[in-house]
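What follows is one structure encoded as structure tokens, with my remarks underneath.
The values are calculated or read from the model by the stated rules, or taken from the named source; none is laboratory data. In this text, all values refer to a predicted model and were calculated from it rather than measured experimentally. Every residue, glycine as well, gets a Cβ built from its backbone with ideal geometry; the counts of neighbours run over all protein chains shown.
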Amino acid sequence: MLKQKVLQMKMNWVLLTLALGALLGACTDGGGVAGTSEESEGIVAIANKKLAGVSQKGPLVKDSKVIVRETADDGSFEPTGREFTTTTFNDSGEFRIDGINLDCQYVLVSAGGKYIREYDGEPSACPIRLDAVSDVRKRETVNLNLLTHFEYKRVLKLVKSGKSFVEAKKQAATEVLNAFGVSVNVSSAEDLNIYNSTDADRTLFNISQLIDSHPEWNSWVTQDDDEGCSKLQKLLDEFADDFEDDGVLSDSVMQFIVGSAYVMYQWYANMEYVDEYDIMDKEFADPDEAKDHFLAIKKKEYDFSKLVMQHYMEVEPCDDHLWGDYREFTKPIPYYQDTLVLGYILCNGFTWELATKEHIDSLTLRIDHEMGTMTDDRDGKTYKTVIFEHEGKRYEWMAENLQYTDSVVKYSKGWFRNDRLIGSYAWTTAMGLDSKYMNEPLAKNLLDTLHQGICPDGWHISTNEEWVALINYVGGPEKLFDETWKSSDRELALAKDLIGVFYNKFDFNLTPLSGIYLEAYYHSYTLDEGVMYLPPLSEDYTTRQFFTEDYPITSTFTTIEMSINWSYVAGAEKHSEGYVRCVKN
């Protein structure tokens, strides 16, 4: 039954989308909405009126109560006590009332009940009440939704201040949408439907989605949780109360929507490159395909969350041109269990992410070291070096990848290409060993304590222990990345989370093997039978995860692997493609 409901909702959405184009072309001009017209001043009695409509956050369930209240014929909008009552006749929230007789064309409409959640077709845990005010003189349809609820008190306020009803309705609806960063003309909120496709309809749909994402009343709240459900209605009413005076939504109310929007904006950033119309075509071709329906929902949710977040934070879209830029904010935003009232957001080239000033400063804070040079006497090439002291021991590392070849030493071709990558060697080549040891066990007597391999005289292949000392000294592997660690494939970077803001503050020039996948292998070795541990996560970089002592490097690992993807440093076995950094003896 629920699957049938979801299917019916999806088909309704597609059919309404197709029908809307014809309706807009035939029945509207400018920004108007079909079914509305300008009013002439004065009170008009209504006889034997038929009204129909849809009540929806998601659609109210069958048998939800709908009430139409008459208002006084003096234009005060005060209820007279005469009411016309019905219930929704299906789970699409549809209702119909016949035989309505009124002394005044202005009515107050309300509907209450549980609703069908838009994204999965399941009934909500909490009931809601939706309100609207409408002029039914030339109207046969009155839809109730979050927009009619949010604008309800604002409309009454504007009318009492001297606006015509039509002017008040249009202004109030526009103000509500503007609060979420949407700038469209809407004549009447009663014409909107979450399954239609105008910008206003889409905004209504996405506001509904964000309301549902709040943890206190969403799908895991039990039906007996009256406290959580009362908070839902309280929030909806706070929107209406807040808009009433000036048509602006205060930060204290808006923050709850923005908190949910920020989470969706981060979680579903990979929706940036999803083609919504392609998804709609697939969904129309196969309405039973749940994956397409889920993607369509998440695409809408991401786009709207991005819009809301940027509007609230007053920032432009984050793209590659703003990579590394940051903005200060002084508006409240819920973040996990806390509410931040000031802070910073950092552009990582794709999304704005919350960050502390300490973290932002740490991105460019130079790490103490000396610079030097070394010359390889074999071919005369000169390399930069970095010099530092850690735990009483002085280290001098090459700050560039070794690039040496001769009649024997050759660069590796790699797994997926025929050309040779400059500076890349098979592990056995780097270690100066027979290539058979790529697949055979290696006797320890073949390795020296300081194993020169293909390094120049007086230098040796960096050991596991030296890599651990280096990473401990700089404070984490991300401190070795720099501006070159940006994927050339933006869509893939989002899909695989190959995202970060890095600066070359240690002059180490760590180089990814692939400019797309952002991973690197550096050949290494160890003679220690014991377990080697990589450093723990740096305290000021809580959004990234590195391998800790739960993932040890043992003597079987001979290549160090680094990657932005999951931001880890790990050990790998003998690798056929990797760089070499030499360390001075």
Problem - Top-ranked residue of the stretch 218-230 - restricted to ones that are assigned to a helix (DSSP H, G or I) and crowded, with 18+ Cβ neighbours inside 10 Å, ranked as modelled with the highest pLDDT - result: C229
Problem - Matching residues in the stretch 376-408 - criterion: being aliphatic (A, V, I, L, M) and either loosely packed, with under 13 Cβ neighbours inside 10 Å or farther than 26 Å from A469 by Cα (or both) - result: V408
Handout entry: Test: residue in the stretch 271-279 that is modelled with pLDDT of 85 or more, outside the structural domain of D489 (by TED's automatic domain parsing) and in a loop (DSSP other than H, G, I, E, B)
Key = no
Practice task
Of the conditions (1) in contact (Cβ under 8 Å) with a residue 60 or more places away in the chain; (2) over 30 Å from I297 (Cβ atoms), R82 clears all except one; give me its number.
Solution key: (1)
Practice task
State yes or no: is V315 closer than 30 Å to Q171 by Cβ, among the β-branched types (V, I, T) and either modelled with pLDDT of 90 or more or within 16 Å of the chain's Cα centre (by Cα) (or both)?
Solution key: yes
Exercise for the section: Looking at (1) buried (at least 18 other Cβ atoms within 10 Å of the Cβ); (2) in contact with a Phe, Trp or Tyr (Cβ under 9 Å, 6 or more places away or on another chain), find the lone condition where L147 falls short. Expected result: (2)
Exercise for the section: Taking the residues in the stretch 37-62 that are of a type in the set (D, E, K, R) and either surrounded by 14 or more Cβ atoms within 10 Å (Cβ to Cβ) or part of a strand (DSSP E or B) (or both) as candidates, determine which candidate is modelled with the lowest pLDDT. Expected result: E39
Fill in the blank from the handout: Within the stretch 451-489, restricting to residues that are over 23 Å from G432 (Cβ atoms), among the β-branched types (V, I, T) and out of contact with any strand residue (DSSP E or B) (no Cβ under 7 Å at 6 or more places or on another chain), the one that is surrounded by the most Cβ atoms within 10 Å (Cβ to Cβ) is V474
Completion exercise
Selection from the stretch 437-489 of residues within 15 Å of T558 (Cβ to Cβ) and of a type in the set (K, R) yields K444
Practice task
Determine if the stretch 101-117 includes at least one residue that is surrounded by fewer than 18 Cβ atoms within 10 Å (Cβ to Cβ), touching a residue at least 12 places away in the same chain (Cβ under 8 Å), in the same structural domain as N206 (by TED's automatic domain parsing) and touching a Gly at 6+ places or on another chain (Cβ under 9 Å).
Solution key: no
Practice task
Assess whether L494 counts as being buried (at least 18 other Cβ atoms within 10 Å of the Cβ), in contact (Cβ under 8 Å) with a residue 60 or more places away in the chain and in a loop (DSSP other than H, G, I, E, B).
Solution key: no
Fill in the blank from the handout: Residue hits (the stretch 63-109; in contact with a Leu (Cβ under 7 Å, 6 or more places away or on another chain), closer than 14 Å to N145 by Cα and in a strand (DSSP E or B)) are V109
